[in-house]
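Note sheet for the following structure.
Computed from the coordinates by the stated procedures, all read-outs in this text should not be read as laboratory data. Since the model is a prediction, treat every value here as computed from it, not as a measurement. Positions of Cβ are backbone-derived with ideal geometry, glycine not excepted, and every protein chain shown enters the neighbour counts.
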Amino acid sequence: MILVAIASIVLFGAVSYTRLGLDQLPEITVPVVTVLVPYPGAGPREVEEQVTRKLEDGLAGLSDVEEISSVSSQNLATISVKFRESVDIDLVALEVERTVNNLRRELPTEVEAPTTRKVDLNDQPILYLALTSAGGRDPTELFRIADDQIRPRLESLEGISAARVLGGRKPEIQVAVDPDRLRAFRLSVGDVAQALANQYQTVTGGTVRGGLADADREFALRIEGRDRDPSTLGSLTVSGRDGVSTELRNVAEISDAGADQAAIVRLNNRDAIGVLVSKQAQANITQAADRALAELQAINAGLPSGLALEIIVDRSDFIRSSVRDVQKELGIAALLTGVVLLLFLHTLRATIIVLVAIPTCVLATFIVMQLAGLTLNILSLLGLTTSIGILVDDSIVVLENIFRKLEEGEEPKTAAVNGRNEIGLAAIAITLVDVVVYGPIVFLSGTTGGFLRNFAIVVAATTLSSLLVSFTLTPMLASRWLGAQGPGPRQKRSLLSRVASSWEPLYRATERGYGRFLGWSLRHRPIILIGSIGIFAASFLMVPLIGAEFVPDIDGPFIAMSGELPGGATLEASDRAARLWEQRLLDHTRFPEVRKVYMVVGAGSTDLDRGARYLSVIVELEPRLERPVDASTGRRRTSSQIRREALQVSQGIAGLTTSIGGNRPGGAGQALQV
């Protein structure tokens, strides 16, 4: 019966592991909804008066609103609505979406469709790619290749939600009207605009039924009015109200130079096109990245000569390394546990019995994680790593007591039952203490509670599963495996037992030394009490020296930073500042650890930092063990130290303010669609 139950746990645990999602951070509900409203051509004051204030007044009427904040910038209004933590974020996000749509009739007609986003800490691109050209291709051509060939192929993959293209020039036909020529033909700009509007439109033509030969079929008719060849647009007829008409080429210059650049992207001081690949909300990050990387090889094979799509950042690498680290820790823990057990219990079978408990408890924990809707992330993996010692505690205590019963001469089955019963209450008490410590964390609210909840659930589940295994699987195996090899007084010890017991004199000496120290402590209680109080007080004095941060800094393979120029700065001014910073980062005498510098001008580290005055940079570093040793310290610099100096070298650039960017967790949010 016990074997069937344990086998079921192992089976369901293995299935649960394959279905667990992988992500960098836990799924945390942040009660904030952000609305982005583009208003092309408007300054900050116009955006505030005509868009931001109207939306703020309308959104203030929603229930459970705690705070509304806004930023009115060039061409964009950003409104963030913070709700109470008890709300259903999906429902209030839809309510915000409906409210904004209802208010659109009060906004200027030039305002584009608003975008409503929920804050999602995992909504960061999983891949940062850069399309580069060896021959200096036209930015419009590069954008067309990225948008028409690369983006659709990536977005068609399972688990990929979007591939965003940055940089280059969007294909656009520009018509530069000459006012003097217009006056000569007695035409107006409105006449040109009307002619172009009539040319670039598509209308439906109804339904056409098949003839006698095909009477059972019908076809939708569409009249396509768009002339997709810019070279023929010059022959378009422009007519005035008084009947005067002429061709468009007579009153305007026509070119397909592309739209004005909204962002500039460079890789190692070379012009590039950025492609940011994001996964779907419930998709497995490693599986989605694997599909994208496989497709990336096929895309590179089909690109024109001289073009290459390079990987700048692969966030799935962090998750893979985290999982590998936990697996490594579990293996090391199992090995060390086996050695310790072998030295103390002097039998290989007892060692195997305890080691079997480790994977069994871990698989049982995966079942709980699947039922609780958790993912494998840095917090849940931290919980598993922390619980490695807890996994075998109960089994060791129970097995040691069974050994004592065997040494007293009891039969294996009787020793297993009596040994487990005798120590049962103590094992339950030890386990429940751990559960009581970590259990209340599950009920914490807020962002901090969302982070720690994953850790607490994993630790509590691991602790309870270890108790279950120690009360079922461990006694059962002990009753079957320890009969012939048990250390009974009349039994002949094996060679392995004699080798393992060779350190017994050292243990006995340590035991005698501890006994003497314990006796001295009991005779000098005031000294022990004062010393304990002193250590306890000194620990509080050290707290300010430790420091505090919400998310620990990780010595990763890349660093990310953001920059900002004063309001009103043009894209060209921001680009000049970015080039200076970029050149300093590529100085290998000062930064020998730098591999690549990926610079984006016209966008910050989040979608809320869009504008000509913002910039962001991602610096790829050499692997930790491959970085050169710093001559001044004799050590390899960490990513934090490199980032600190990278921020320092930007201080001499006029008007540029820099800060830590997107390497800290926290995405821009998920777009909503009603």
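The table for this structure:
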read-out	value
Long-range tail of P(r) for the range 35-188 (Cα pairs > 29 Å, %)	43
Approximate spin-label separation residue 4-residue 426, in nm, with each point projected 7 Å along Cα-to-Cβ	3.4
Span-rule helices in the chain, defined as complete DSSP H runs reaching 27 Å or more along the axis (Cα) with Kyte mean at least -1.0	316-345, 348-372, 388-407, 412-438, 446-471, 504-523
Length gained when the stretch residue 244-residue 66 is fully extended (0.36 nm per residue, less Cα-Cα span)	58.0 nm
Estimated vicinal HN-Hα couplings, Hz - the range 152-161 in sequence order (Karplus 6.51, -1.76, 1.60; Gly, Pro = x)	x, 5, 6, 5, 7, 6, 5, x, 9, 8
Candidate lysines for bridging to residue 82, where Cα separation is under 21 Å - those fewer than 8 sequence places away on the same chain excluded	54, 118
For the range 321-377 versus the range 49-101, the gap between their alpha-carbon centres in whole angstrom	48
Gyration tensor verdict on the range 552-599 (Cα atoms; rounded if a/c is under 1.5, prolate if a/b is larger than b/c, oblate otherwise)	oblate
Distance in nm between pseudo-label sites at residue 308 and residue 651 (7 Å out along the Cβ direction from Cα)	3.7
Extension reserve of the residue 158-residue 141 stretch, reckoned as 0.36 nm per residue once the Cα distance is removed	3.3 nm
Positive-end residue, the range 90-206 charge dipole about Cα centroid, Cβ charges, pick of 156, 99, 134	134
Sequence ranges 373-379, 175-181, 185-191, 462-468, ranked by mean other-Cβ count within 10 angstrom, highest first	462-468, 373-379, 185-191, 175-181
Potential lengthening between residue 260 and residue 543 on full extension [0.36 nm per residue; Cα-Cα distance subtracted]	96.5 nm
Estimated FRET transfer efficiency when R0 is 35 angstrom, pair residue 18-residue 514 (beta carbons, to 0.05)	0.15
Ordering of 637-650, 574-587 by burial proxy (mean other Cβ atoms within 10 Å per residue, highest first)	574-587, 637-650
FRET E, pair residue 413, residue 90, Förster distance 56 Å, beta-carbon r, rounded to 0.05	0.50
Volume of the Cα convex hull of the chain, divided per residue and given in Å³	283
Alpha-carbon radius of gyration plus Dmax, which is the widest Cα pair, for the range 32-118 in Å	12.2, 39
Pairwise label distance in nanometres, residue 503 with residue 659, each label 7 Å out on the Cα-Cβ vector	5.3
Net charge contributed by nearby residues that have their C-beta within less than 13 Å of residue 427 (K/R +1, D/E -1)	-4
